[in-house]
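Readers should treat all values here as calculations from the given coordinates under stated rules, not as data from a laboratory. Please read all numbers here as calculations on a predicted model, not as lab measurements. Note that we place each Cβ from the backbone using ideal geometry, even for glycine, and neighbour counts take in every protein chain shown.
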Amino acid sequence: MSEEIVSRLQERFTEITPRESLDWPAVNCPARQWADLAAALREEYGYRFLMDVSGVDWKEEAPRFMVVYHLFSTRKHAYLRVAVACPEDKEPEVPSVVKVWPTADWHERETYDMFGIRFRGHPELKRILMWEDYPFHPLRKEFPLAGWETELPDREVAEQTGAKVIGAPMMGGPFVAPDEGPMSEREPRARDETWTEKNPKPKK
């Protein structure tokens, strides 16, 4: 089944190529052909469920950024993975597929927020986790684990907490928990505690 769907797609969309995969059938698709392929996958091949959209930052490789789509056919109970590389000649961007799979809306917004990958044609491409003026994209490879100190966007919140700066969401991750001891003492803690040490909670 894996080889069958890939070969059928290649016959019609000549620019796509098989992608190495240990589980699902997978293909590489150029960004310029993705909109047409997506529409065909949903309407003609039965992949009506968009499970997930994820960004990839290869950093040292070219192209640096890629968007990976995970699809499921409710008719054939089959999975398909499509990797779409962002063109290198401009800011990372691929076509939006919100009109094909409406659930792509929030997935694309999160990928834009975390990686800075734009989705051309998205009806409302704005940040979903960070505030609009936040100057960084936390899942890019150059973003440090502890985050960069940034001014709070809300003066009222800053006054209530006594804080002047905050780090990235989940600053200091990844989080680990001790393997031994009572559960009450095994709360996960960040490997990098430098931000917390520099910015203690204000005393009540």
In what order do VAL68, VAL27 fall by count of nearby beta-carbon atoms within 10 Å, going from fewest to most? VAL68, VAL27
By per-residue mean of other Cβ atoms within 10 Å, what is the highest-first order of 58-67, 37-46? 37-46, 58-67
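For a quick protection proxy, order the peptides 86-95, 111-120 by their average other-Cβ count within 10 Å, most packed first. Write out the running numbers ahead of the final one.
Numbers: 86-95: 15.6, 111-120: 20.8.
Ranking, from highest mean packing down: 111-120, 86-95.
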Bin width 10 Å, origin at 0, all Cα-Cα pairs of region 69-120: what percent of pairs per bin? 22, 50, 23, 5
Say a paramagnetic label sat at a point 7 Å from the Cα of GLU4, along Cα to Cβ; which residues of region 36-61 have their backbone N under 12 Å from it? none
Kirkwood calc, region 2-91, C-alpha pairs only, radius in angstrom 13.4 Å
If I model a spin label at THR17 and LYS141 as a point 7 Å from the Cα along the Cα→Cβ vector, what separation in nanometres do I get? 1.9 nm
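Taking 0.36 nm per intervening residue step and subtracting the Cα-Cα distance, what contour gain separates ARG48 from TRP148 on full extension? Before the final figure, lay out the partial values.
Values: separation 100, 0.36 × 100 = 36.00 nm, distance 3.98 nm.
So the extension gain works out to 32.0 nm.
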In the neighbourhood of ASP89 defined by beta carbon distances under 15 Å, the net charge of the other residues (Lys, Arg +1; Asp, Glu -1) is +2
Output the antiparallel fraction of DSSP beta bridges having both residues in region 2-120, as a percent to the nearest 5. 70 percent
